[in-house]
Amino acid sequence: MSALTQSTPAAAHTKTAPEKQWRPPSYWPFVVPALVVVLAIIIFPWVFTIWMSLNEWKVGSPTIFVGPSNYLRLTTDPRFIEAVGHTLVYTVLSVVLPLLLGTLAAVVFHQKFAGRGFLRGVFIMPMMATPVAIALVWTMMFHPQLGVLNYLLSLVGIPPQLWVFHPATVIPSLVLVETWQWTPLVMLIVLGGLAAIPTEPYESAQIDGASFWQVFRFITLPLIMPFLFIAGMIRMIDAVKSFDIIFAITQGGPGSASETINIYLYSVAFTYYDLGYGSAIAVVFFLLIVLLAAVMLYFRQRMLWTEIGSGA
Amino acid sequence: MANHKISRRTLFTGTAAAGALSLTGLPARAEVNWKKYAGTKLEVILAKGPRGDNLQKYIKEFTDLTGIQVESEQIPEQQQRQKVVIELTSGRPSFDVVHLSYHVQKRQFEKAGWLSDMTSYMKDPTLTAPDLVESDFSAAGLQYAKNDKGQMLSLPWSVDYFILYYNKELFQKKGVAVPKTLDEMVAAAEKLTDTKEGIYGFVGRGLRNANMTLWTNFFLNYGGEFLDAKGNILTDGPEAIEATKLYQTLLTKVAPPGVAGFNWMESMASFTQGRSAMWIDGVGWAPPLEDPAASRVVGKVGYTVVPAGPKGQYSATYGDGIGIAAASKNKEAAYLLCQWVVSKQQGARLLQAGGGVPFRNSILNDPEIQKGVKMPKEWLQSVIDSAKISKLGLPVVIPVAEFRDIVGAALTSTLSGADPATELKKANDQYRPILERSEKA
Amino acid sequence: MNLRSILGRIGLWFAVLVIVSPAILFFLWMVSLSLKFEVDNAAYPPVFIPEHFAWKNYADVLASNRFLTYFVNSLIVTGSATALALLVGVPAGYGIARMAAHKSAIVILIARITPGLSYLIPLFLLFQWLGLLGTLVPQIIIHLVVTVPIVIWIMIGYFETTPLELEEAALIDGATRWQVFRHVALPIARPGIAVAFILAVIFSWNNFVFGIVLAGRETRTLPVAVYNMISFDQLSWGPLAAAALIVTFPVLLLTVLAQRQIVAGLTAGAVKGG
């Protein structure tokens, strides 16, 4: 083969041709079983949900086809609109805070020190622990009179807070739990990014006498950007859908101050048994997540361009 | 049948003395054929709590009596309601007998036709012990158990009155008398509050949805009615506004911080720690309050009826019952079980342990049974007094959960300063279409 | 310079302390709660180490009826859901990585984005129609929604980092795709499979929502069962914390023991897998 490629220009032109013409057996057989399994599980629920969203179906009453009226009802439902607002606030905070802290933690855990493995294990325990179990313990810790958090605050002279028991502080308090739980995931992903960075830029930076912050800002950060983006995306999907924590701690209260879309969906479907309307919420909720992911992708594209622009 | 001995056995015979037949299976002139369905297997789904415990603890006696095997499980109330509804909707529930919460599920179950009609069983002497008669149930119980057509769709099991718990020690220290009216209660609470010490005059549910059960005590005592003759909801009227103002005053001025997020559990924690002087809640909390392992106020708790309002004195009443799934294939056997569940003996055990209050007057008013109550006498007295002023605590409609959520959220927002009238109006506007849609469907 | 590096060390240790303490304090407090009687648990200022340990909290949970059944149920559900996920997920990760066919991963992404609640009612009705309720099958199947995406996600990342040369050589030698996968790719990816296994186990074990509706008396998993143990008439922080700790203990143990593999696997997965 090599003799051929060297002998004539024509052959040289088709240097890679033999590989292209030789059609490898497809990899699809590897993928298909998993696709079938996943589709088998999700198709029926989706068809069912979409169909039901076009019906009025309250448990115990007959089903009536009503077309898009459930969707129209959403636009005038103050609780739903409020829930969308809560969800967005909750999501933004629960993406940004873990990203910041997780990056910081990754930088620290990227250093070498005694007991690193064990401490890293301890640090990722919150994301592995059973959410319902942790949520119950946090509820006890938040108690305004008997909770340990207010006691800790009192030790440093801060007056007691109401945490999840006041409309103004409930979302930040829940975000605190969410951050505590999911910062480790961001840390792990960013840690992977740090491990993949070549050492050369750091060496030259050291020669130039760059400060730690400068190194981080101009070398580390741009290089781990793709990882932060992935972490942010995963975090966004999970934060929007967050359920166990909010449900177990506040059930959406006080009042409806922490009622997110997922919590409202739960109420509509499982306490009001308004399954048609609940299905419509589920569909809109899904579309909203897709929309948020698209927005994030869009900003990612733009950021890439600006980075290249300023870099050049 | 008149040989009274003071023992568990007595209860059997003692209760039987009221009717002519006991559940011991000693048929005097009896026709009830307890063993007729021997060998049947029943599935029961229960809400977690003392009622469920009471059933499971003694179920062997039922099996001995009837030869019916019973498998039962207790699930926390909220999950139990969901599971029950989903299974009933599917048409093939996995259970024969269901424990239902009247104040939430009555209308829903009736409308969906999920429960089997017991009226004819109750008239059948081969199925029903003679002491089990409709008139023995309290009015509230019958109101809950019967549908519009007068059919008996379940047996009333346990009633929950709201009463006032108070801390005698704190009352004594401040020289405060037990309040008889709501106004007195506010005044007392103000005197008892000592924020420096971390002591508050009043505690109660502030959490959305749960808070409705407290608020209705005020609403009823201000003369409120939930529905007008045409079925329109009336919770934005002057009575509701007055009740909400009282609620707002109590929970913002003299209650512990964070009360807007309190359910019964947090309220109880505050009360058992001696940090709140008064607490209005369901009658069933006496056992934990008097349990030294869980409470610092053992022996110091006073029990009394909810203070009177300007338009009357009522005790907001809730309750649960036990019914037969319409889809069950073992209805008669299931009926025997329901009957046993609300029998005098089982009811007496429930009352005596403080785990609940039977709907049956013959149990509540039986001096023999009263003697065996392990809770303080005052508690029993508060139960008996509440029974006399009992009034249903929530509107009997299908979308009860929505009602509790929406109006409950309005109440909670008054706790952070919102105006009661505006909030109630807003809640009413939001709730009215939901109610209309559900009644029309 | 020397001083600077000492300061750096101190700063690092301080940072480590700050970062790790929320997790450590939380779990210590959880242990403390679980070992106290109610009177101590509701006391203020809080009691950190009680005079009398309430071992009874644990005894109560463990002794409560059917605990063993629920534990075995959890093992079966988690075990089967993980095994099935590995069976279909590892080859899928391989295929997607080799084809760079990330679009087919969209299906898996949809499964991931779909709100878990919207599966419950349709699947309940479906399983009832199939007559599968009352068995563990419905839960095993629905747990696949959790485990399959995790396995695929980790495996894509892993296979993308494993070298292609060996595989190409084997192909040229006339091996089939399957043989290459079986004898070349799979052995190299063993650490990745280990991580996928661990994470699938953890997230399946922790799942709670699905069990509420799909589990019955005999088919309940441990998290659901323990949640159900919450006594209604008691303020039961102690037993609750004990129960919570018992449920989550296997997972925490696994985390600390396998932290090196988890770190390696997750970071590798993230490199390319997103």
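The values are calculated or read from the model by the stated rules, or taken from the named source; none is laboratory data. All values reported here derive from a predicted model rather than from experimental measurement. As a convention, Cβ positions derive from the backbone with ideal geometry for all residues, glycine included, and neighbour counts pool all protein chains shown.
A quick yes/no check of all residues on (1) in contact with a strand residue (DSSP E or B) (Cβ under 8 Å, 6 or more places away or on another chain); (2) modelled with pLDDT of 90 or more; (3) of a type outside the set (S, T, Y); (4) farther than 26 Å from C:A175 by Cα:
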site: A:A3; (1), (2), (3), (4): no, no, yes, no
site: A:A11; (1), (2), (3), (4): no, no, yes, yes
site: A:K15; (1), (2), (3), (4): no, no, yes, no
site: A:E19; (1), (2), (3), (4): no, no, yes, no
site: A:Y27; (1), (2), (3), (4): no, no, no, no
site: A:F30; (1), (2), (3), (4): no, no, yes, no
site: A:L39; (1), (2), (3), (4): no, no, yes, yes
site: A:P45; (1), (2), (3), (4): no, yes, yes, yes
site: A:I50; (1), (2), (3), (4): no, yes, yes, yes
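Against the list (1) out of contact with any Asp or Glu (no Cβ under 6 Å at 6 or more places or on another chain); (2) assigned to a helix (DSSP H, G or I); (3) buried (at least 20 other Cβ atoms within 10 Å of the Cβ), the condition C:V180 fails is (1). Set side by side, the residues B:A145, B:A112, B:A129, B:A139 differ, and just one is over 13 Å from the mean Cα position of the chain (by Cα), within 22 Å of B:E439 (Cα to Cα) and either buried (at least 21 other Cβ atoms within 10 Å of the Cβ) or more than 14 Å from every other protein chain (Cβ to nearest Cβ) (or both), which is B:A145.
Being farther than 25 Å from A:M125 by Cβ, at pLDDT 85 or above, buried (at least 17 other Cβ atoms within 10 Å of the Cβ) and of a type in the set (G, A, S) is a description that applies to C:S80. If you filter segment B:57-99 down to residues that are of a type in the set (K, R) and away from chain C (no Cβ under 12 Å), you find that the one that is surrounded by the fewest Cβ atoms within 10 Å (Cβ to Cβ) is B:K60. Of the residues that make up segment A:80-96, is at least one of a type in the set (F, W, Y), within 30 Å of A:L194 (Cβ to Cβ) and touching a Lys or Arg at 6+ places or on another chain (Cβ under 9 Å)? No: segment A:80-96 contains no residue that is of a type in the set (F, W, Y), within 30 Å of A:L194 (Cβ to Cβ) and touching a Lys or Arg at 6+ places or on another chain (Cβ under 9 Å). Taken together, C:A23, C:A43 contain a single residue that is within 28 Å of C:N228 (Cβ to Cβ), small (G, A, S) and modelled with pLDDT under 85, which is C:A43.
Wholly within segment B:341-413, which helices (runs of 4 or more DSSP H) include no fewer than the required count, namely at least 3 residues that are charged (D, E, K, R)? Before the answer, list the steps.
Details: elements: B:344-352, B:361-364, B:367-371, B:377-388.
Of the helices (runs of 4 or more DSSP H) lying wholly inside segment B:341-413, those with at least 3 residues that are charged (D, E, K, R) span B:377-388.
Okay, residues lined up against (1) of a type in the set (S, T, Y); (2) touching a His at 6+ places or on another chain (Cβ under 9 Å); (3) in a strand (DSSP E or B):
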| position | (1), (2), (3) |
| --- | --- |
| B:G150 | no, no, no |
| B:P156 | no, no, yes |
| B:F162 | no, no, yes |
| B:Y165 | yes, no, yes |
| B:Q172 | no, no, no |
| B:V178 | no, no, no |
| B:M185 | no, no, no |
| B:A189 | no, no, no |
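In the set A:M187, A:M141, only one residue is facing chain C (nearest Cβ under 9 Å), farther than 30 Å from C:E38 by Cα and among the hydrophobic types (A, V, I, L, M, F, W, C); that residue is A:M187.
Which residue is surrounded by the most Cβ atoms within 10 Å (Cβ to Cβ), if the candidates are limited to segment B:206-246 and must be aliphatic (A, V, I, L, M) and assigned to a loop (DSSP other than H, G, I, E, B)? Selected residue: B:L207. Across segment B:401-441, the number of residues qualifying as within 10 Å of chain A (Cβ to nearest Cβ), over 17 Å from A:Y264 (Cβ atoms) and at pLDDT 90 or above comes to 7.
Could you count how many residues in segment B:278-317 are away from every other protein chain (no Cβ under 14 Å) and among the small types (G, A, S)? Explain how you work it out, then say what you get.
Initial filter on segment B:278-317 (away from every other protein chain (no Cβ under 14 Å)): B:278, B:280, B:299-317.
Add one more test, that the residue is among the small types (G, A, S), and what stays is B:299, B:302, B:308-309, B:312, B:315-316.
Within segment B:278-317, residues that are away from every other protein chain (no Cβ under 14 Å) and among the small types (G, A, S) number 7.
Taking the criterion of being of a type outside the set (K, R) and within 29 Å of B:E439 (Cβ to Cβ), would at least one residue in segment B:269-278 satisfy it?
We begin by selecting, within segment B:269-278, every residue of a type outside the set (K, R); these are B:269-274, B:276-278.
Of the ones still in play, those that are also within 29 Å of B:E439 (Cβ to Cβ) are none.
The answer is no, given that none of the residues of segment B:269-278 is of a type outside the set (K, R) and within 29 Å of B:E439 (Cβ to Cβ).
Is it fair to say C:L117 is at the interface with another protein chain (Cβ under 7 Å from one of its Cβ atoms), in contact (Cβ under 8 Å) with a residue 60 or more places away in the chain, buried (at least 20 other Cβ atoms within 10 Å of the Cβ) and over 29 Å from A:W28 (Cβ atoms)? I'd like the intermediate steps shown before the answer.
Values: at the interface with another protein chain (Cβ under 7 Å from one of its Cβ atoms): yes; in contact (Cβ under 8 Å) with a residue 60 or more places away in the chain: yes; buried (at least 20 other Cβ atoms within 10 Å of the Cβ): yes; over 29 Å from A:W28 (Cβ atoms): yes.
Spelling it out, C:L117 is indeed at the interface with another protein chain (Cβ under 7 Å from one of its Cβ atoms), in contact (Cβ under 8 Å) with a residue 60 or more places away in the chain, buried (at least 20 other Cβ atoms within 10 Å of the Cβ) and over 29 Å from A:W28 (Cβ atoms).
When segment A:161-178 is filtered for residues that are facing another protein chain (nearest Cβ under 7 Å) and surrounded by fewer than 23 Cβ atoms within 10 Å (Cβ to Cβ), the ones remaining, listed by number, are A:L162, A:H166, A:P167.
In segment C:27-43, the residues that are at the interface with chain B (Cβ under 10 Å from one of its Cβ atoms) form Cβ pairs under 6 Å with partners that are of a type in the set (F, W, Y) and in a helix (DSSP H, G or I), at six or more places apart or across chains, as follows: C:N41/C:W237. Every test in (1) touching a residue at least 24 places away in the same chain (Cβ under 8 Å); (2) out of contact with any strand residue (DSSP E or B) (no Cβ under 9 Å at 6 or more places or on another chain) is passed by A:T271 save one, and that test is (1).
Counting only residues that are assigned to a helix (DSSP H, G or I), away from chain B (no Cβ under 14 Å) and surrounded by 22 or more Cβ atoms within 10 Å (Cβ to Cβ), how many does segment A:247-300 have? Break it down stepwise before answering.
Of segment A:247-300, the ones assigned to a helix (DSSP H, G or I) are A:247-249, A:261-270, A:275-300.
Now drop any that are not away from chain B (no Cβ under 14 Å), which leaves A:261-262, A:279-300.
Among the residues that remain, those that are also surrounded by 22 or more Cβ atoms within 10 Å (Cβ to Cβ) are: A:261-262, A:279-282, A:285.
Residues meeting the conditions: 7.
Looking across segment A:110-138 at every residue that is in a helix (DSSP H, G or I) and basic (K, R), the one that is farthest from the other protein chains (Cβ to nearest Cβ) is identified as A:R116. Taking the criterion of being aromatic (F, W, Y), more than 25 Å from C:T69 (Cβ to Cβ) and buried (at least 20 other Cβ atoms within 10 Å of the Cβ), no residue of segment C:120-135 qualifies.
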